[in-house]
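For reference, the structure is listed below as structure tokens.
The values are calculated or read from the model by the stated rules, or taken from the named source; none is laboratory data. Source: prediction; values computed, not measured. For neighbour counting, all protein chains shown are included, and Cβ atoms are generated from backbone atoms with ideal geometry for every residue, glycine included.
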Amino acid sequence: MSWIFLGGLGLLAALWLLQAMRNMDRRVLMRSLRWIVGGFAGLVALAALLFRRIDIAMIVGALAASVLLRGRIGQFSFDSVAGGNANTSKVRSRYLAMELDHDTGELSGRVLDGQFAGWDLLDLGEYETRVLIGEIGHDAESVNLLESWLDTNRAGWREYFAEQDAGGGPGGEAPSGGSRDPVAEAYAVLGLQPGANAEEIKAAHRELMKGVHPDRGGSEFLAAKINEARDLLLERVGRG
């Protein structure tokens, strides 16, 4: 019975370790495996020495040294797998830098030049996005990169912008006679208390946008409302 219990614990531990390894960054995982494999081989070599098995100690010791010092087992290299360069693509233009993770399909980007230099594209609300589009309009390569990022992370943005420009979008006027308080509604949309500072507003916006944009099963309408709330509150904070 004890062996069955121990076997069950071992199986649970193995399943937990497998799940943890799947969630780890590949570079971190391969570096960890390098030290685990090398360290285990070193312990085996030391045990072989203690039992006077010099032949085994020399073979396993050479393996441990190769893994720990060179990161290799024969033709296999832990470092080449850990580098991860084959799984990401990086593109730069005058204004933007983009990185595509081929494993997850995630496209990230940041602004390199102009009034939003240093900004992550996820931090751009509707107003900033419109300004950026106008600012980089003369650079076709940057425009193409930005549109690719918007298509991936802000599905339906063209239709939404066109609707807003026509005056019929979610940012239009409230129904006549209504008692809608846009500021209170903005706080409610972002889940913030009145008086939140700019960093709290940006953090709430980013966290919410991770879960609502259409590529991840969200809603274009909710994404638009979250962007609208962020822009309104940041504008009020700026005036204050």
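What the table shows:
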{"quantity": "Residue count, segment 27-67 (criterion: small (Gly, Ala, Ser) and either surrounded by fewer than 16 Cβ atoms within 10 Å (Cβ to Cβ) or assigned by TED's automatic domain parsing to the domain that holds residue 101 (or both))", "calculated": "6"}
{"quantity": "In segment 103-141, residue nearest to the chain's Cα centre (by Cα) [restricted to those that are crowded, with 16+ Cβ neighbours inside 10 Å and of a type in the set (S, T, N, Q)]", "calculated": "108"}
{"quantity": "Residue satisfying all of: in segment 87-102; surrounded by 18 or more Cβ atoms within 10 Å (Cβ to Cβ) and not hydrophobic (A, V, I, L, M, F, W, C); modelled with the highest pLDDT among these", "calculated": "95"}
